[in-house]
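Notes follow the structure.
The values are calculated or read from the model by the stated rules, or taken from the named source; none is laboratory data. Not measured: the values here are computed from a predicted model. Here the Cβ positions follow ideal geometry from the backbone for every residue, glycine too, while neighbour counts run over all protein chains shown. Protein only, heavy atoms only, side chains kept; ligands, DNA and RNA dropped before computing areas. Shrake-Rupley method; radii C 1.70, N 1.55, O 1.52, S 1.80 Å.
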Amino acid sequence: MGRKFEVRKLAMAKTAGQKTKVYSKYGKEIYVVAKNGGTDPHANLSLRRLIEKAKKDQVPGHVIDKAIEKAEGGAGEDFSVARYEGFGPGNCMVIVDCLTDNNNRTITEVRNCFTKTNSKIGAPGAVAHMFDHQAVLAFKGDDEDAALELLMEADVDVADIENEEGVITVFVPHTEYFKAKTALTDAMGEIEFDVDEITFIPQMHTDVTGDDVEVFDKFIDMLNDCDDVQDVYHNAEVQREEA
């Protein structure tokens, strides 16, 4: 699963890099997390994780600061979380996470992405049960047994750990993220994580081939262009023809 996750991450990162409003998306999420959990990153661990992620994605500091200052003010938009699930091109499974201040607008935009690519939006829970909500930490190393031992000593519930091509990838339940990261950094010092995130890992993959590949790319691009869409998760293994 480790190697496949890395390959999928590269594909997803490429798509994420095409977002024209990535700063706005981060600003909105930081605002919501800070407003709900407090503006001090030392006390609000979810905010600290999000700020670190934003900086890694080269979001300017003024965007982060503005969102936090807005949350400190107490006023502003009232965003809520919305999740949509369904089946995309090639019958792959898709989860779409949104932050919205207008549910009618958001569901209309997301449904439009599905219908215009001959995909099918489903009811809540339609596909989420086929994904594991996990934290993923990947870093350079060659001794996964030692990493597993220190995690177990810290009482971290490890779902899986792999070492492929000199990179150790640790999978833990999303609720164990901070405990796992703290255990690793306390034992190993400053670690540069190749992957450091909470995500949905598919329990099985669906091959997307032939004509469905172009439609799949269009589907993902349409979703990422929606202002309210924050994250898109899928189980597609896109089989692209080599030139």
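Take the residues of segment 99-127 that are assigned to a strand (DSSP E or B) and touching a Lys or Arg at 6+ places or on another chain (Cβ under 8 Å): which is most open to solvent (accessible area, probe 1.4 Å)? Steps first, please.
Step one: of segment 99-127, the residues assigned to a strand (DSSP E or B) are 99-100, 120-121.
After this cut, where a residue has to be touching a Lys or Arg at 6+ places or on another chain (Cβ under 8 Å) as well, the list is 99, 121.
Numbers: L99: 14, I121: 56 Å².
Among residues in segment 99-127 that are assigned to a strand (DSSP E or B) and touching a Lys or Arg at 6+ places or on another chain (Cβ under 8 Å), the one most open to solvent (accessible area, probe 1.4 Å) is I121.
Of the conditions (1) of a type in the set (A, V, I, L, M); (2) at pLDDT 95 or above; (3) more than 20 Å from Y233 (Cα to Cα); (4) in contact with a Leu (Cβ under 8 Å, 6 or more places away or on another chain), V156 fails just one. Which one is it?
Status for V156: all satisfied but (4).
Can you run down the residue pairs with Cβ atoms below 8 Å, 6 or more apart or on separate chains, where the first is in segment 25-45 and more than 17 Å from F79 (Cα to Cα) and the partner is part of a loop (DSSP other than H, G, I, E, B) and open to solvent by less than 40 Å² (accessible area, probe 1.4 Å)?
Partner pairs satisfying both residue conditions: N44/G38.
Here is a list of conditions, (1) open to solvent by 40 Å² or more (accessible area, probe 1.4 Å); (2) touching a strand residue (DSSP E or B) at 6+ places or on another chain (Cβ under 8 Å); (3) at pLDDT 95 or above, and K53 meets all of them except one; can you say which number that is?
Going through (1) open to solvent by 40 Å² or more (accessible area, probe 1.4 Å); (2) touching a strand residue (DSSP E or B) at 6+ places or on another chain (Cβ under 8 Å); (3) at pLDDT 95 or above one by one, K53 breaks only (3).
Report yes if some residue within segment 71-87 is out of contact with any Ser or Thr (no Cβ under 7 Å at 6 or more places or on another chain) and part of a helix (DSSP H, G or I); otherwise report no.
First pass over segment 71-87, keeping only residues out of contact with any Ser or Thr (no Cβ under 7 Å at 6 or more places or on another chain): 73-78, 81, 83-85.
Filter once more, so that each one left must be part of a helix (DSSP H, G or I): 73.
Taking every residue of segment 71-87 in turn, at least one turns out to be out of contact with any Ser or Thr (no Cβ under 7 Å at 6 or more places or on another chain) and part of a helix (DSSP H, G or I).
Which residue, of A147, A159, A187, is touching a residue at least 12 places away in the same chain (Cβ under 8 Å), open to solvent by less than 40 Å² (accessible area, probe 1.4 Å) and either closer than 19 Å to R49 by Cβ or small (G, A, S) (or both)? Steps first, answer last, please.
Numbers: A159 fails: open to solvent by less than 40 Å² (accessible area, probe 1.4 Å); A187 fails: open to solvent by less than 40 Å² (accessible area, probe 1.4 Å).
Answer to the check: A147.
Would you pick out the residues in segment 218-243 that are more than 19 Å from K25 (Cα to Cα) and either open to solvent by less than 50 Å² (accessible area, probe 1.4 Å) or in a loop (DSSP other than H, G, I, E, B) (or both)? Spell out how you get there, then give the answer.
Initially, segment 218-243 is screened for residues more than 19 Å from K25 (Cα to Cα), giving 218, 234-243.
If the condition is that a residue be more than 19 Å from K25 (Cα to Cα) and either open to solvent by less than 50 Å² (accessible area, probe 1.4 Å) or in a loop (DSSP other than H, G, I, E, B) (or both), then H234, N235, A236, E237, V238, Q239, R240, E241, E242, A243 are the ones that fit.
Which one is nearest to E237 (Cα to Cα) among residues in segment 67-101 that are among the aliphatic types (A, V, I, L, M) and touching a helix residue (DSSP H, G or I) at 6+ places or on another chain (Cβ under 7 Å)?
Result: M93.
Considering only residues of segment 197-212 that are β-branched (V, I, T) and open to solvent by less than 20 Å² (accessible area, probe 1.4 Å), which is nearest to K120 (Cα to Cα)?
Ranking the qualifying residues of segment 197-212, first place goes to V208.
Any idea which residue in segment 194-234 is nearest to C113 (Cα to Cα), counting only those that are more than 17 Å from the chain's Cα centre (by Cα) and charged (D, E, K, R)?
K218
Give segment 177-234 a look and list any residue that's among the hydroxyl-bearing types (S, T, Y) and in contact with a Ser or Thr (Cβ under 7 Å, 6 or more places away or on another chain), or say none.
Answer for segment 177-234, where residues must be among the hydroxyl-bearing types (S, T, Y) and in contact with a Ser or Thr (Cβ under 7 Å, 6 or more places away or on another chain): just Y233.
Of all residues being open to solvent by 60 Å² or more (accessible area, probe 1.4 Å) and within 30 Å of A126 (Cβ to Cβ) in segment 56-96, which is modelled with the lowest pLDDT? Just the residue, please.
E77
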